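The structure appears right after this line, and notes come after that.
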Amino acid sequence: MKNVNINGRAYQWPAKPVVVICCDGSEPEYMERAMREGLMPNLKTVIAKGENKRGLSAMPSFTNPNNMSIATGRRAEVHGIGGNYLIDPATGQETMMNDPKWLLAPTIFAEFQKAGAKVTVVTAKDKLRLLLGNGLKFDGSAICFSSEKADKATMADNGIADVLAFVGKPLPEVYSADLSEFVFAAGVKLLKRDRPQLMYLSTTDYVQHKFAPGSEGANSFYKMMDGYVGALDAQGCTLIIVADHGMKDKHKADGSPDVLYLQDAMDEKFGAGKSKVILPITDPYVVHHGALGSFAQIYLYGPQVRDAADFIAAQEGIDAVLTREDAVKTYGLYAERCGDLIVISGGPNHSKVIGTSASKHDLSGLDAPLRSHGGLSEQEIPFISNVHLKNLPQPLNNWDAFFVGCNCVEA
Ligand code: ZN
Ligand code: ZN
């Protein structure tokens, strides 16, 4: 069997389709609780023949860095995607990071396609589609589209057209569980029709931001997911289920968000314009988290790194303040796109999130107490498979998902 070498790792050509589900924001407790309540009989069957392990996400525990780590098999030090939002080192300007120009490494999908494989990628939000689909040739052997813009998919840009008719569902709302359900439904149909070597199904964490594990809103999502897990498993594939990151309550006892407005605090201490707090969670879809997460980049224009680090570390709910060099060493971040300091919040209840200035966060869309991610406490993720696994990478990370599906399946 041939190997495909991608970003320094050798992937074996899979005998069966490798299907990786990235269930966005799926803190391990969600599936555990739903299974205990008898809502995931298919997942129980999957686990009985395979594995129910835990893994870790890349830092920061945000969606794009982890999706791109899963898609490339490596951390941001190799692929360059550290969030949704950054200061462009070339211009010094704040900018969104959705453009594929920021992606520095080929994806596993593109490299497998080059080696002759069929590959299928379905993502919930369109913001990820261009990054995940980077380098794919839509010549009939690749498909990449989002459920958000499923109605706009064309053969030329996505390798598939008439998606709504094919899947048999209407275009889902962007803020809904349906957006993720559409991903699963498309995956089941495409696995049956195309039998691709690799399939990646990436959902959205709208439900997980809103509903805690064991709640009715969460349980109904996982019950829905279970039907599709069963349908994928029934078709004969290596199924791997991971998450991009976990999700924790980020509110106080009274339900209000537990926020440290770090730009306000820095401005008061060091003066206006002497620092810039960048929140890599910032994106156009902020309704369900108000751009509040447990990770920030700090750029300094004057204050000494040590003074700023000491000041930030003394704030309540701060888990770690790292220099750029330490963050690169510890978490495999991409140095050029890091601030002078990296700040991770959480505190004893994991609840602290970082904001910039109180006046800049519109929290009016938060119709439930804040749940979010980004910190160390959201690194733990499920790592589930429908087959027995051997020779697993240690530690096991979500970005090992395709490697494990190709190389670690017990015969
Ligand atoms: Zn996510
Ligand atoms: Zn999220």
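Taking the conditions exactly as written (surrounded by fewer than 16 Cβ atoms within 10 Å (Cβ to Cβ), closer than 25 Å to Ser364 by Cβ and under 26 Å from the mean Cα position of the chain (by Cα)), does Ser294 satisfy them or not?
no
Which pairs do you get when a residue that is under 19 Å from Ala253 (Cα atoms), found in the stretch 363-378, comes within reach of a residue that is basic (Lys, Arg) and in a helix (DSSP H, G or I), reach meaning Cβ atoms under 8 angstrom, with the pair 6+ apart or on two chains? Close Cβ pairs (under 8 Å, with a partner that is basic (Lys, Arg) and in a helix (DSSP H, G or I)) amount to Asp367/Lys210; Ala368/Lys210; Arg371/Lys210.
Within the stretch 318-326, not a single residue is of a type outside the set (D, E, K, R), more than 18 Å from the chain's Cα centre (by Cα) and under 27 Å from Leu132 (Cα atoms). Considering the stretch 245-283, the residues that are of a type in the set (Gly, Ala, Ser) and crowded, with 21+ Cβ neighbours inside 10 Å include one that is nearest to Tyr301 (Cα to Cα), namely Ser275.
Only one entry of Ala327, Ala308, Ala320 meets the criterion of being assigned to a helix (DSSP H, G or I), modelled with pLDDT of 95 or more, surrounded by 15 or more Cβ atoms within 10 Å (Cβ to Cβ) and out of contact with any Ser or Thr (no Cβ under 8 Å at 6 or more places or on another chain), and that entry is Ala327.
If a residue counts only when it is surrounded by 24 or more Cβ atoms within 10 Å (Cβ to Cβ), which helices (runs of 4 or more DSSP H) contained entirely in the stretch 108-158 have at least 1 such residues?
The helices (runs of 4 or more DSSP H) meeting that bar are 108-114, 129-132.
For Gly293, indicate whether it is in contact with a Pro (Cβ under 8 Å, 6 or more places away or on another chain) and in contact (Cβ under 8 Å) with a residue 12 or more places away in the chain. Against the criterion (in contact with a Pro (Cβ under 8 Å, 6 or more places away or on another chain) and in contact (Cβ under 8 Å) with a residue 12 or more places away in the chain), Gly293 qualifies.
For beta carbons closer than 8 Å, sequence separation of 6+ or different chains, a first residue in the stretch 386-409 that is on the phi > 0 side of the Ramachandran plot and a second that is outside any loop (DSSP other than H, G, I, E, B) and buried (at least 19 other Cβ atoms within 10 Å of the Cβ), the qualifying pairs are Asn391/Asn407. A single member of Asp88, Asp126 is within 16 Å of ligand 2 (Cβ to nearest atom) and either without any contact (Cβ under 8 Å) to a residue 24 or more places away in the chain or over 21 Å from the mean Cα position of the chain (by Cα) (or both), and it is Asp126.
When the residues of the stretch 199-221 are filtered to those that are surrounded by fewer than 24 Cβ atoms within 10 Å (Cβ to Cβ) and outside any loop (DSSP other than H, G, I, E, B), the one that is nearest to ligand 1 (Cβ to nearest atom) is His209.
Within the stretch 19-36, residues that are more than 18 Å from Phe403 (Cα to Cα) and aliphatic (A, V, I, L, M) reach partners that are within 14 Å of ligand 1 (Cβ to nearest atom) and not in a helix (DSSP H, G or I) with beta carbons closer than 7 Å, at six or more positions or on different chains, in the pairs Met31/Pro382. Taking the criterion of being hydroxyl-bearing (Ser, Thr, Tyr) and within 16 Å of ligand 2 (Cβ to nearest atom), the residues of the stretch 5-62 that qualify are Ser26, Tyr30, Ser57, Ser61. In contact (Cβ under 8 Å) with a residue 12 or more places away in the chain and either away from ligand 1 (no atom under 16 Å from the Cβ) or among the β-branched types (Val, Ile, Thr) (or both): is that true of Arg337 in this structure? So Arg337 passes the test. Total residues in the stretch 36-64 satisfying the condition of being surrounded by fewer than 21 Cβ atoms within 10 Å (Cβ to Cβ), more than 16 Å from ligand 1 (Cβ to nearest atom), of a type in the set (A, V, I, L, M, F, W, C) and under 23 Å from the mean Cα position of the chain (by Cα): the figure is 1.
Scan the stretch 10-26 for residues that are surrounded by fewer than 19 Cβ atoms within 10 Å (Cβ to Cβ) and within 27 Å of Ala124 (Cβ to Cβ) and the total you get is 1.
Between Asp267, Asp254, Asp283, Asp244, the distinction of being not hydroxyl-bearing (Ser, Thr, Tyr) and not in a loop (DSSP other than H, G, I, E, B) belongs to Asp267 only. Assessment of the stretch 342-359 against the conditions (among the basic types (Lys, Arg) and in contact (Cβ under 8 Å) with a residue 60 or more places away in the chain) yields at least one matching residue.
The values are calculated or read from the model by the stated rules, or taken from the named source; none is laboratory data. Just so it is clear, the structure is predicted and the values come from calculations on it, not from any experiment. Cβ sites come from the backbone with ideal geometry, for glycine too, and all protein chains shown count toward neighbours.
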